[in-house]
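Following: one structure in structure tokens, then a few remarks.
The values are calculated or read from the model by the stated rules, or taken from the named source; none is laboratory data. All of these numbers come straight from a predicted model, not from anything done at the bench. In this analysis, Cβ positions are derived from the backbone assuming ideal geometry, glycine residues included, and neighbour counts consider all displayed protein chains.
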Amino acid sequence: MNANPESLSSNDCELQLRADGSLRHLLTLKGLDKALIIELLDDAESYLSPDGTLPVRSDALAGRTIGNLFFEPSTRTRASFDLAGRRLGADVLNLDVNTSSRKKGESILDTIYTLEAMAVDIMVVRDAGAGVPAYIARNVKEFVSVLNAGEADVSHPTQGLLDLLTIRQHRPDFENLVVAIVGDIQHSRVARSAAHGLQTLGVGELRLVSPPAMAPVDAELSFARTVSTLDDGLRDADVVMALRIQRERIDDLDGIPSVGEYFADFGISEDRMRHAKPDAIVMHPGPMNRGIEIDGSLADGWRSVITQQVTNGVAVRMAVLAHVARAMQK
Ligand code: CP
């Protein structure tokens, strides 16, 4: 058994695959096969229903139990995993940081073993520690699956999938796309998962646009172009994704702009969008800070696909849950 989660990477693609190439766990989009990503996006489409109609339901997870283990705050990811599981017929239990016995010093593995003893089949994990989802995946019983619901600044694979699905619905020709991700790239798991997925789907150009103090420092994003001014970053972009400043992960505030400076230099507004393609779409993973990384009227305006991202989040999580459950051992 590994004792130190920090020593493990959840960007280990092999760990998440079964011998037949299907997913046992979902830990990262890095290195995930293009055909598998497309299969998950196609499956997610089948779980979408027209506005104003009842949601799609199935019994794909009947008899299964999902544990949502959120040791960091969440609205969208937690609620959508909860709904996704219920709409597929599973029992769903939700643990959060304020009410779980981890507050009393229980280790993450003792928490996992406790849930395994209650026949939880799928552990959905959000944690501030890098490597925690992979650590759990290495230590659960062979018939348990682990889904990464947000890991430090490392990975947020279901967010990446829902972002890919949303982009594909508007701009299916990835090879001719210019995508600009704007904001706190350095501390963003959303940016990393989106970047890995976009790279696999063959995006034409990915720009990572940020002030120097928030620029990526890891080599794994070196395929993307880093840009330090917003107007250059947005120029002729088809897709613009704004990111929240991840203050909870910033230790050193040196060089971090004030809120006013940030909005003036990197806040996205309809006026700044004049540099992008005329029909460019605007995305945001949420939660949004209006007036900091994005102007409220742009977020609510005709370019915005932000609520569509949320809708797609439920469908993507249904697709992932159904995929891992299909090959479960028991
Ligand atoms: N995008 C995202 O992960 O949102 P939550 O933190 O609300 O889950």
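Side notes on the structure shown:
- Applying the condition of being of a type in the set (Gly, Ala, Ser) and assigned to a loop (DSSP other than H, G, I, E, B) to the range 265-311 and asking which residue is nearest to ASP236 (Cα to Cα) yields ALA276.
- Residue within the range 80-89 that is closer than 24 Å to ILE112 by Cβ, in contact with a Gly (Cβ under 6 Å, 6 or more places away or on another chain), outside any loop (DSSP other than H, G, I, E, B) and within 16 Å of the ligand (Cβ to nearest atom) present: yes
- Filter pass, SER297 being over 22 Å from the mean Cα position of the chain (by Cα), modelled with pLDDT of 95 or more and among the polar types (S, T, N, Q): yes
- Check on LEU54, more than 16 Å from the ligand (Cβ to nearest atom), assigned by TED's automatic domain parsing to the domain that holds ARG138, outside any helix (DSSP H, G or I) and surrounded by fewer than 17 Cβ atoms within 10 Å (Cβ to Cβ): yes
- Considered as a group, the residues in the range 271-330 that are free of Cβ contacts under 8 Å to residues at least 24 places away in the same chain and closer than 23 Å to ALA44 by Cβ include one that is nearest to the ligand (Cβ to nearest atom), and that residue is THR307.
- Any pair with Cβ under 9 angstrom, 6 or more apart, that starts in the range 239-256 at a residue that is in a loop (DSSP other than H, G, I, E, B) and ends at one that is of a type in the set (Phe, Trp, Tyr) and surrounded by 16 or more Cβ atoms within 10 Å (Cβ to Cβ): ILE245/TYR262; ILE256/TYR262
- On inspection, THR75 fails the criterion of being away from the ligand (no atom under 16 Å from the Cβ) and β-branched (Val, Ile, Thr).
- Matching option when the condition is touching a Leu at 6+ places or on another chain (Cβ under 6 Å) and surrounded by fewer than 20 Cβ atoms within 10 Å (Cβ to Cβ), among GLY89, GLY21: GLY89
- For the range 122-153, a residue qualifies if it is away from the ligand (no atom under 16 Å from the Cβ), within 14 Å of LEU26 (Cα to Cα) and of a type outside the set (A, V, I, L, M, F, W, C), and the qualifying residues are GLY131, TYR135, ARG138, SER145.
- Test: residue in the range 60-73 that is at pLDDT below 95 and surrounded by fewer than 16 Cβ atoms within 10 Å (Cβ to Cβ): yes
- Annotation note: of ASP218, ASP252, ASP232, ASP238, the sole residue that is under 23 Å from GLU270 (Cβ atoms), loosely packed, with under 15 Cβ neighbours inside 10 Å and either of a type outside the set (D, E, K, R) or in contact with a helix residue (DSSP H, G or I) (Cβ under 9 Å, 6 or more places away or on another chain) (or both) is ASP232.
- Within the range 286-301, the set of residues being among the aliphatic types (A, V, I, L, M) and either surrounded by fewer than 13 Cβ atoms within 10 Å (Cβ to Cβ) or under 15 Å from TYR262 (Cα atoms) (or both) comprises MET288, ILE292, ILE294.
- Residues that are under 18 Å from GLU39 (Cα atoms) and out of contact with any strand residue (DSSP E or B) (no Cβ under 8 Å at 6 or more places or on another chain) were ranked within the range 170-195; the one that is farthest from the ligand (Cβ to nearest atom) is ASP173.
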